[in-house]
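See below for the structure under consideration.
The values are calculated or read from the model by the stated rules, or taken from the named source; none is laboratory data. All values reported here derive from a predicted model rather than from experimental measurement. Glycine also receives a Cβ, built like all others from the backbone with ideal geometry; neighbour counts cover every protein chain displayed.
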Amino acid sequence: MTAVLDDDLPRRLTARESLQDRLFVHGVRGVGLLVLVIVSAIGLFLGLQSRPTLQHYGLSFFTEYRWLPSQDIVGIAAVLLGTVEVALVALLISFPLSVLSALFISDWAPPRLRPLLIRILDLMAAVPAIVFGLWVLVVVQPHATEVAHWVSKYFGWIPIFKVHTDVDYPIWNQAPGYPAYQGSAFIAAIAVAMMMFPMATSVMREVFSSAPAGEKEAALALGATRWAMVRTVVLPFGRSGIIGGTMLALGRALGETISVLLIISQAFKIKVNILESGTSTISAMIATGYREATPAQLSALLTAGFVLFLMTLAVNTVAAIIVARGRSGAETEL
Amino acid sequence: MTATVLERTEQKTETVRRTAPRTREDVLTLVGAGVGSLATTWLVYTKLLPLHGTIGFVVLGCAVFVAYYAGMTALTRPWPVVADRIVTALVVAAPTLVGLALASTIISTAIKGAPALFHGNFFTDDMAGVRPGDEFSMGGALHAMAGTLIEVAIAVSIAMPLGVITAIYMSEVGGRLARLVRVVIEAMTALPSIVAGLFIYAVLIVNLHFPSSGFAAALALAVMGLPIMARASDVVLRVVPGGLREASYALGAGKLQTVWHVVLPTARPGLATALILGIARMVGETSPLILTSGASTFMNADPFHNPMNSLPLFIYSAVGSGDPRFAQRGFAAATVLLTLVLALFLLARLVVRTKKAP
């Protein structure tokens, strides 16, 4: 019996690919490698360009806040802080809105309305950043400065809400449009939040809607209210989507250029007062500083861009890991 | 079989009781809280406290409404219902707020741009020789529209084939190298668009002395869009069921035949949507253009020589000029840009709808 089994080895299959297939595979692989070379060349170029800068300025590149290329004083401390500030404030604005809206679409909205809401969300993701920038600049800023004034008046004792101006000045005596409150990190963050919202919300919504229906029904059958059902089933299930979607949007927010550039009044200062006029981000600095840059300064700008890229890369990678851990969309079999 | 027939006849004879989730008391509570909060807010705002401004009124009104609603519910219902209603109020308020913001964005842009838009020469003229304060009957944004179309067309014709073929390589050919490509592509989707622009500026314009032109801008857009398109296509191709591929191989089809006749047709609606949304993203991207294309005021259809303008850049320079009339032209251009994005979006929906029907 065993002898028979030993003889009964599986026949080795050799599938000879046809010429057509070999051409196809090699052609496609060639294009893939070309893209790999192009894309990694960008990363390598940025990395190599930043070497001379880092050698020249050393660690002071990260601790110096002034950007005075003419005096050879160059550092990204201020813009780095500004970038993080704008992104974090935008996150604070968009995060609650995103979670609540995603819940509305997945669990509160009537089923007939759902496709329409999803479509509007996708459309919002496609609205150009410059349009949101314009809207915040023209429509929102006059109101946002009032809010900023109010907050700084009553909560100015908290350092981040302090504005270096006389807040007790009668309102009709404030210069028109509150210049001390215009172009602040807070107002730029409103535009960035509008960019973050659709990205984060659509990731969250997708994860929320794939929460197991059986468990949801079980919770409802046990007498749970809708919120109790969401709290016990949907939110624990969607935790990876909440964190991952938020971080994905945060990666986008860090690199957001044009809406920030339109709104802020640029200033290279270490500043934690988010309501006060004057801030800068890495991307806004690149967009304004490239024109009159000498080769050395261009390399400094490229280094700043590389640092920005590394930041978004780190955020995106963590987000991708978190989202992938939550669900496995890659394997869909029949 | 008999069971289903039985169920059907039962359903016909039995009138289904509507388990309405809302009783009259619920509705009255809602209305009462709404009216009460409005009255209270008005009283507090105009008579009691020295406050003013619309935002404060709305914020206070919403807070008072939630408090009243919770309080009135708590009179007759247990705590879980109160919590449910507070959360429901918030969950409804958040998308309403964002929806209003989105509507305000679109409407205010269109209204501010309307005066310039209603002159036909906005679509047929360029800004050559037009001073910022000139009437709307002079000058237009034809050069910017043409520039956007040319730049995006070049960028798409570079990025789309490369992106789709790379996606086919990653998902259909596979192997260790393909995984490396996927990792690198995913990493490069994090590349901020301004850095892509700076890269092209540093390499092409500074080092290779290529002039600021539409082609440089198109290359910057392509560099930015290539990883995005490759990744989006990869995601779409990966959800094509593996069983379909196996069935195709089992029938004796080769790799190329399987990809061409099975995988791509199955993925076509998703692929089209992903690519069109990628194009929409390119159309609206501004920051790489600031660095690479220069900004002409005249019509220039040659992407290789002389600066070229584009809609986002036109908007940016118009609004940044500080001249109110020129800024209105910027808003008109923003309306055109929004319409373009919307048209691409509708196209994507249309492709999905027509191709889904078998």
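Some points to look at:
- Pairs where the first residue, in region B:178-191, is closer than 7 Å to B:P227 by Cα and the second is in a helix (DSSP H, G or I), C-beta under 6 Å, 6+ apart: B:I185/B:P227; B:I185/B:A230; B:I185/B:R231; B:M188/A:V39; B:M188/B:P227; B:T189/B:P227; B:T189/B:I228; B:T189/B:R231
- Count - residues of region B:246-262 that are more than 10 Å from chain A (Cβ to nearest Cβ) and touching a Ser or Thr at 6+ places or on another chain (Cβ under 6 Å): 2
- Looking only at region B:284-317, residues that are under 20 Å from A:A126 (Cα atoms) and in contact with an Asp or Glu (Cβ under 9 Å, 6 or more places away or on another chain) come to 4 in all.
- Candidate set from region A:92-102 (those that are surrounded by fewer than 19 Cβ atoms within 10 Å (Cβ to Cβ) and over 14 Å from B:V87 (Cβ atoms)); member that is farthest from the other protein chains (Cβ to nearest Cβ): A:L92
- Matching option when the condition is crowded, with 19+ Cβ neighbours inside 10 Å, of a type outside the set (V, I, T) and more than 10 Å from chain B (Cβ to nearest Cβ), among A:L80, A:L121: A:L80
- Members of region A:261-297 found to be within 12 Å of another protein chain (Cβ to nearest Cβ), part of a loop (DSSP other than H, G, I, E, B) and more than 17 Å from A:L68 (Cβ to Cβ), listed by number: A:T281
- Residue in region B:195-206 that is more than 28 Å from A:M199 (Cβ to Cβ) and either more than 9 Å from chain A (Cβ to nearest Cβ) or under 25 Å from the mean Cα position of the chain (by Cα) (or both) present: yes
- The combined condition, being at the interface with chain A (Cβ under 8 Å from one of its Cβ atoms) and under 20 Å from B:I154 (Cα atoms), is fulfilled by B:V283.
- Members of region B:206-233 found to be surrounded by fewer than 19 Cβ atoms within 10 Å (Cβ to Cβ) and touching a helix residue (DSSP H, G or I) at 6+ places or on another chain (Cβ under 6 Å), listed by number: B:F210
- Check on B:E246, within 22 Å of A:N316 (Cα to Cα) and among the charged types (D, E, K, R): no
- Per-region count, region A:34-76, residues out of contact with any helix residue (DSSP H, G or I) (no Cβ under 8 Å at 6 or more places or on another chain) and in a helix (DSSP H, G or I): 9
- For the criterion of being within 26 Å of A:V307 (Cα to Cα), more than 19 Å from the chain's Cα centre (by Cα) and among the basic types (K, R), B:R182 passes.
- Selected residue (only one of B:V351, B:V341 is in contact (Cβ under 8 Å) with a residue 24 or more places away in the chain, away from chain A (no Cβ under 11 Å) and closer than 27 Å to A:L121 by Cβ): B:V351
Let's see how each residue does on (1) at pLDDT 85 or above; (2) among the acidic types (D, E); (3) out of contact with any Asp or Glu (no Cβ under 9 Å at 6 or more places or on another chain):
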| position | (1), (2), (3) |
| --- | --- |
| A:E146 | no, yes, yes |
| A:P159 | no, no, yes |
| A:D166 | no, yes, yes |
| A:P176 | no, no, yes |
| A:A180 | no, no, no |
| A:A200 | yes, no, yes |
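- Among the residues listed as B:M138, B:M127, B:M72, B:M145, the single one being in contact with a Ser or Thr (Cβ under 6 Å, 6 or more places away or on another chain), under 30 Å from B:G214 (Cα atoms) and not β-branched (V, I, T): B:M127
- Residue in region B:77-86 that is within 12 Å of chain A (Cβ to nearest Cβ), within 24 Å of the chain's Cα centre (by Cα) and not charged (D, E, K, R) present: no
- Candidate set: region A:314-323, residues that are aliphatic (A, V, I, L, M) and either without any contact (Cβ under 8 Å) to a residue 24 or more places away in the chain or surrounded by fewer than 16 Cβ atoms within 10 Å (Cβ to Cβ) (or both); chosen: the one nearest to the other protein chains (Cβ to nearest Cβ): A:A314
- Complete set of residues in region A:103-118 that are touching a helix residue (DSSP H, G or I) at 6+ places or on another chain (Cβ under 9 Å) and more than 9 Å from every other protein chain (Cβ to nearest Cβ): A:S106, A:L113, A:R114, A:I118
- For region A:139-148, filtered to residues that are among the hydrophobic types (A, V, I, L, M, F, W, C) and within 7 Å of chain B (Cβ to nearest Cβ), the residue that is farthest from A:I263 (Cα to Cα) is A:V147.
- Hits in region B:296-338 (condition: of a type in the set (G, A, S), closer than 15 Å to B:A146 by Cα and more than 9 Å from chain A (Cβ to nearest Cβ)): B:S296, B:A301, B:S310, B:A333
- When restricted to residues that are facing another protein chain (nearest Cβ under 10 Å) and among the charged types (D, E, K, R), region B:89-147 contains 1.
- Residues in region A:26-46 include at least one that is within 26 Å of the chain's Cα centre (by Cα), farther than 30 Å from B:L100 by Cα, in contact (Cβ under 8 Å) with a residue 12 or more places away in the chain and crowded, with 20+ Cβ neighbours inside 10 Å.
- Enumeration of residues in region A:8-33 that are assigned to a helix (DSSP H, G or I) and more than 7 Å from every other protein chain (Cβ to nearest Cβ): A:L19, A:R22, A:L23, A:H26, A:G27, A:G30, A:L33
- Every residue from region B:176-194 that is more than 30 Å from B:T297 (Cβ to Cβ) and facing chain A (nearest Cβ under 8 Å): B:L177, B:A178, B:L180, B:V181, B:V184, B:I185, B:E186, B:A187, B:M188, B:T189, B:A190, B:L191
- If you go through region A:222-258 and keep only what is facing another protein chain (nearest Cβ under 8 Å), surrounded by fewer than 22 Cβ atoms within 10 Å (Cβ to Cβ) and either under 30 Å from B:L291 (Cβ atoms) or of a type in the set (D, E, K, R) (or both), you end up with just A:R226.
- Exactly one residue out of B:G129, B:G147, B:G175, B:G163 is within 27 Å of B:D323 (Cα to Cα) and in the same structural domain as B:I279 (by TED's automatic domain parsing): that is B:G147.
- Extreme residue, surrounded by the fewest Cβ atoms within 10 Å (Cβ to Cβ), among residues of region B:253-269 that are over 22 Å from B:L347 (Cα atoms) and among the polar types (S, T, N, Q): B:Q257
- Within region A:267-313, the set of residues being of a type in the set (S, T, N, Q), over 30 Å from A:F237 (Cβ atoms) and either crowded, with 22+ Cβ neighbours inside 10 Å or touching a residue at least 40 places away in the same chain (Cβ under 8 Å) (or both) comprises A:N273, A:S277, A:T279, A:S280, A:T281, A:S283, A:T294, A:Q297, A:S299, A:T303.
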